Amino acid sequence: AQQSAMIPILISPVAGEQLDVFNAGPGAVHPLSSVRLNNDTGKYLPAGAMTILVGGTYAGDTLLAALGRKDRRIVSYAVDQSVSVQAAGAWSSSVLLSCALNDGSLTLTHADDAHSGYRVVNRGVRSRSVLIRENRWSGWHVAAPVKRVRRRGGVDQFTLEAPGGQSVKLAILRRRVAADQVYLVGCNRSELKNIMRRPHMPDAIVRAIKQAMELRRTAAHALAGLNTTLAREARIQAYETHLRRNLQALGKASTVYTSMAHDLAGQETLLAAARTVESQYRAAVLAAQANLAKYWKEQRVPPTAAK
């Protein structure tokens, strides 16, 4: 008691603009009734409680942080139940721009478009100015609507007018140019064919992949021959084991013994011939694989525009 305090009092209009702020995110439906303040009083406004009246009617309360001279700030005070915001269906597309091939690595440069948007339904009587906030997409830029977007920090802000009793749509187009790396050396035949069939693939890239596929085919043919020969050797060796076991059970004076011994000698001849073929196929496989590796390492296609 018996105390006093100096309380700063400012009686002056402060410029402001009424708007709805919608922070896009999971579960968000209604925007926040807000006001954009512009401290044009020339004075420093300290922090404190703020009561909002719309048309002389109480609309809500909020806390106002300190507002410096010429500062601007958006202050929200209530949920606007008369306005709802719905996310529109999103879809994307991609167009190949150019390709380059270097040391078996294919660089695909493409332009990507991502389409999204919102539908704003205003069930109220008066018109609303709606500000929609979205987190910025890393690596993308907003191509449309250019005149109604502002970027602040990590947020894209879109503005639109929603007349009373009506719904309006906001279509958003984002674009980026990106590059993907495909290591062709590790691709199988089916994957290489799919790459060649991609729309707008440059002819130089298609020719290079076709040549590599021919070299792969040569290597695959040699490998198939090697596997067939190894399988034949395994069958011969299994039969030889069978013959040796039978010979051990027979006497050398037996006619059957002589026949089996002769058969075993013939199998040894076949096995020797198969091993010669095996050596040839192994050399062919190594040579074909070396040729393919050399081709990928030396093949160069500079950045070439898509067709």
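The values are calculated or read from the model by the stated rules, or taken from the named source; none is laboratory data. Being a predicted model, the structure only gives us computed values, none of them experimental. Using ideal geometry, Cβ is built from the backbone for each residue, glycine included, and neighbour counts are taken over all protein chains shown. Heads up: the accessible areas ignore ligands, DNA and RNA and are worked out on the full protein's heavy atoms, side chains in. Shrake-Rupley method; radii C 1.70, N 1.55, O 1.52, S 1.80 Å.
Quick one: how many residues across segment 131-154 are open to solvent by 40 Å² or more (accessible area, probe 1.4 Å) and of a type outside the set (Gly, Ala, Ser)?
First, pick out the residues of segment 131-154 that are open to solvent by 40 Å² or more (accessible area, probe 1.4 Å): 133, 135-141, 146-148, 150-154.
Right, trim to of a type outside the set (Gly, Ala, Ser) and you get 133, 135-137, 140-141, 146-148, 150-152.
So the answer is 12.
List pairs: first in segment 124-147 and within 14 Å of Leu170 (Cα to Cα), second assigned to a helix (DSSP H, G or I) and not small (Gly, Ala, Ser), Cβ under 7 Å, 6+ apart or cross-chain?
Listed by first residue and then by second, the contacts come to nothing, as the list is empty.
Considering each residue of segment 155-172, count those that are in contact (Cβ under 8 Å) with a residue 60 or more places away in the chain, surrounded by fewer than 16 Cβ atoms within 10 Å (Cβ to Cβ) and of a type in the set (A, V, I, L, M), and give that number.
1
Only residues that are basic (Lys, Arg) and in contact (Cβ under 8 Å) with a residue 60 or more places away in the chain: list them for segment 259-307, please.
Listed by number, the residues that qualify are Lys297, Arg300, Lys307.
Taking the stated definitions as given, is Leu230 modelled with pLDDT of 95 or more, within 43 Å of the chain's Cα centre (by Cα), under 30 Å from Glu191 (Cα atoms) and open to solvent by 30 Å² or more (accessible area, probe 1.4 Å)?
Numbers: modelled with pLDDT of 95 or more: yes; within 43 Å of the chain's Cα centre (by Cα): no; under 30 Å from Glu191 (Cα atoms): yes; open to solvent by 30 Å² or more (accessible area, probe 1.4 Å): yes.
No; evaluated as a whole, the condition is false for this residue.
Within segment 38-59, identify whether any single residue is surrounded by 11 or more Cβ atoms within 10 Å (Cβ to Cβ) and in contact (Cβ under 8 Å) with a residue 40 or more places away in the chain, and answer yes or no.
No; the residues of segment 38-59 include none that is surrounded by 11 or more Cβ atoms within 10 Å (Cβ to Cβ) and in contact (Cβ under 8 Å) with a residue 40 or more places away in the chain.
Against the condition under 30 Å from His110 (Cα atoms) and in contact (Cβ under 8 Å) with a residue 12 or more places away in the chain, how does Thr218 come out, does it pass?
Here the answer is no, as Thr218 does not meet what is asked.
Looking only at segment 176-208, which residues are among the charged types (D, E, K, R), open to solvent by 90 Å² or more (accessible area, probe 1.4 Å) and either more than 12 Å from His110 (Cβ to Cβ) or at pLDDT 95 or above (or both)? Give the steps one after another, and end with the answer.
In the first step, residues of segment 176-208 are kept if they are among the charged types (D, E, K, R); the result is 176, 180, 189, 191, 193, 197-198, 203, 207.
Remaining after also requiring open to solvent by 90 Å² or more (accessible area, probe 1.4 Å): 189, 197-198, 207.
Scanning segment 176-208 gives Arg189, Arg197, Arg207.
Does segment 43-50 contain any residue that is modelled with pLDDT under 85, of a type in the set (Gly, Ala, Ser) and part of a loop (DSSP other than H, G, I, E, B)?
no
Every residue in segment 104-130 that is open to solvent by 70 Å² or more (accessible area, probe 1.4 Å) and either among the β-branched types (Val, Ile, Thr) or at pLDDT below 95 (or both), please.
Val125, Arg126, listed by residue number.
Among what's in segment 104-133 and is among the charged types (D, E, K, R) and either part of a strand (DSSP E or B) or within 24 Å of the chain's Cα centre (by Cα) (or both), pick the residue that is farthest from Phe22 (Cα to Cα).
So the residue we want is Asp112.
When Ser33 is evaluated against the numbered criteria (1) open to solvent by 70 Å² or more (accessible area, probe 1.4 Å); (2) assigned to a strand (DSSP E or B); (3) over 30 Å from Arg198 (Cβ atoms), which criterion, by number, is the only one it fails?
(1)
For segment 273-303, what are the residues that are touching a helix residue (DSSP H, G or I) at 6+ places or on another chain (Cβ under 7 Å), open to solvent by 40 Å² or more (accessible area, probe 1.4 Å) and not in a helix (DSSP H, G or I)?
Gln299
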